[in-house]
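Student: Structure below; questions to follow.
The values are calculated or read from the model by the stated rules, or taken from the named source; none is laboratory data. Quick caveat, the model's predicted, so the values are computed rather than measured. With ideal geometry, Cβ positions are generated from the backbone for all residues, glycine too; neighbour counts draw on all protein chains shown. All accessible areas refer to the heavy atoms of the entire protein, side chains included, with ligands and DNA or RNA removed. Shrake-Rupley method; radii C 1.70, N 1.55, O 1.52, S 1.80 Å.
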Number of protein chains: 4
Amino acid sequence: MTHTQQMLQTHPRSAAIESGVLLQCIEACFDCAQSCTACSDACLGEDDVATLIRCVRLCEDCSDVCSTTGRILSRQTEFDPTVAAAIVRACVDVCRACGDECERHADHHEHCRVCADACRRCEEACTETLSALAA
Amino acid sequence: MTHTQQMLQTHPRSAAIESGVLLQCIEACFDCAQSCTACSDACLGEDDVATLIRCVRLCEDCSDVCSTTGRILSRQTEFDPTVAAAIVRACVDVCRACGDECERHADHHEHCRVCADACRRCEEACTETLSALAA
Amino acid sequence: MTHTQQMLQTHPRSAAIESGVLLQCIEACFDCAQSCTACSDACLGEDDVATLIRCVRLCEDCSDVCSTTGRILSRQTEFDPTVAAAIVRACVDVCRACGDECERHADHHEHCRVCADACRRCEEACTETLSALAA
Amino acid sequence: MTHTQQMLQTHPRSAAIESGVLLQCIEACFDCAQSCTACSDACLGEDDVATLIRCVRLCEDCSDVCSTTGRILSRQTEFDPTVAAAIVRACVDVCRACGDECERHADHHEHCRVCADACRRCEEACTETLSALAA
């Protein structure tokens, strides 16, 4: 059992949405934040960095948004569904843009392929969280 | 002239939106991020902390979102209007929720009054940025 | 294989320190950042929140430092050992302070016990990284 | 009077160090975090980006550390001098490394000159805070 899972289970308040959906989304956000920071940096280390500028930039944005979304979803006390939906919606948009860009470079750079995968999973997990919040 | 202003003027690419609007929004985001971190902490130092839990929580969320929005708007290279609009829209929602909550405590706690003011300014600056992005 | 592991392996530059040590440290930092955000929030949801103020505060600090340390260690391009050692050293200190405080509440609150464990692992992983950087 | 100043004055607990020193340091940290995010991005927009990789990377690190230091110093409740000193010490080191690198490009890129100035001020403010913490 991961620490994230244990933290969810030992929280004094019950999660605002189905805890399996929430857990997956929190873990996907932190995971994508890490991959995007690493991919942005890996692009900077490539010889063809000049062709990867848009990838570096979107990875920076995506890392920041995923990190913030992961933190907000980690909080269950006085959970505000409007605030949660607002940041999760933004996270869907940024993960899609970043995943699309990474995919364009996936054939030339393995790190872009891996990062695109992390973005897709996070986009999906956030989409499920949005549905759960609307239910 | 602030460093933020100088950084905007010396950037090799021109800003995607009117630079006065952008400058005000970046500065409001960093300012609100600071006020919210400080207000969350000031609430923790109050004797009636038990009545301020929602304020602490929303201030944490608002600080995280403002910080991320300020960073994303500080980037002009390969600016993506969809990504920018997504995070700025989330920032409007979180600033409104946090400003409303801080206002409820403004009569008893000066730091909540000051923080509500920072949230309002950031909400307004983000709303103007959204209009500029849609233009 | 985690995304973090894949990102390390596909980076164009080789890691500055033994990659097993680095991987464990990056993952421990992101994990501890999540646990600390969650523990701070769980404490806010407890009836005896007034006795947990120091725990909330140190968890906020620890989450911020671990998040920053995890990002810096995720970057291998133009790796600067002085910068890396500086932030990892700070992370050891903050994880120790936060882990000690969480442990004081471990008998009453399961989330503090789990979070103390996350802090200990991160403190250890950072200590190993410091040794590797000095080697 | 800035919001940061007002937040310090209205906090229920008194600042752990001389409030003028603290105020200047908090403001310098948030300012440097913004400049470094902007400089990293401005470098990405330059034609000679390949010669600026180390600058981009250190600006990313410096932005993260300054942002975390600014948040930690913004908290006065249950202030822990060991934790504060640890992160402020790291901030001095990172600002020095980043300021040195930006200065190397100051003749060719105005944004590097401005960012070097922000780094120097933050390094100085952090050094003064360290002295105050040791007093």
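Student: Roughly how many whole Å is it from the C-alpha centroid of region D:61-119 to that of region A:68-135?
Tutor: Cα centroid of region D:61-119 versus Cα centroid of region A:68-135: 29 Å apart.
Student: Now for a different question. Report the percentage of all Cα-Cα pairs in region D:1-111 whose separation exceeds 17 Å, rounded to a whole percent. Intermediate values should be presented prior to the final figure.
Tutor: Details: 3399 of 6105 pairs.
Counting pairs separated by more than 17 Å, the tail of P(r) holds 56 percent.
Student: Here is a follow-up. Could you work out which residue, out of A:Glu18, A:Glu124, A:Glu78, moves most in a Gaussian network model of chain A, that is, has the largest mean-square fluctuation with Cα springs under 10 Å?
Tutor: For chain A, modelled as a Gaussian network with Cα springs under 10 Å, the answer is A:Glu78.
Student: With all protein chains present, how much of the accessible area of region D:41-122 (probe radius 1.4 Å) comes from carbon and sulfur, to the nearest whole percent?
Tutor: On the way: 1000 of 2390 Å².
That fraction is 42 percent.
Student: Run through the other copies and list how far each one's label point is from that of C:Val21, in nm with one decimal, shortest first; the point sits 7 Å from Cα along Cα-Cβ.
Tutor: Copy-to-copy label distances at C:Val21, shortest first: 3.5, 4.4, 5.2 nm.
Student: Also: If I model a spin label as a point 7 Å beyond the Cα along the Cα-Cβ vector, how far apart are those points for D:Glu103 and A:Thr82 in nm?
Tutor: It works out to 5.0 nm between the two label points.
Student: Could you name every residue in region C:15-43 that has 50 Å² or more less accessible surface in the full protein assembly than in its own chain alone (probe 1.4 Å, ligands and nucleic acids excluded)?
Tutor: Listed in order, they are C:Phe30, C:Gln34, C:Thr37, C:Asp41.
Student: About the Cα centre, and with charges only on the beta carbon of Lys, Arg (+1) and Asp, Glu (-1), how big is the dipole of region C:8-99? Nearest 20 debye, please. Kindly include the intermediate steps, with their values, before the conclusion.
Tutor: Working: 7 positive and 13 negative charges, 78 e Å.
So the dipole magnitude of region C:8-99 works out to roughly 380 debye.
Student: In nm, what does the list of distances from D:Ser131 to its counterparts in the other copies look like, shortest first, when each label sits 7 Å along Cα to Cβ?
Tutor: Label point to label point, same position, other copies: 3.8, 4.8, 6.1 nm.
Student: Suppose every Lys and Arg Cβ carries +1 and every Asp and Glu Cβ carries -1, with no other charges. What dipole size does the protein assembly as shown come out with about its Cα centre, to the nearest 20 debye?
Tutor: Charge dipole of the protein assembly as shown: 0 debye, to the nearest 20.
Student: In addition: Once the dipole of region C:10-110 is set up with Lys and Arg at +1 and Asp and Glu at -1 on Cβ about the Cα centre, which of C:Cys39, C:Thr68, C:Ala16 lies farthest towards its positive end?
Tutor: Most positive-ward Cα: C:Ala16.
Student: Which chain D residue puts its Cβ closest to the axis that rotates D onto B, and at what distance in whole Å?
Tutor: Residue nearest the D-to-B axis, with distance in whole Å: D:Phe30, 3.
Student: Between copies, how far apart are the C:Arg104 label points? List them in nm, one decimal, shortest first, with each point 7 Å from Cα toward Cβ, please?
Tutor: In nanometres, ordered from closest: 3.0, 4.5, 5.3.
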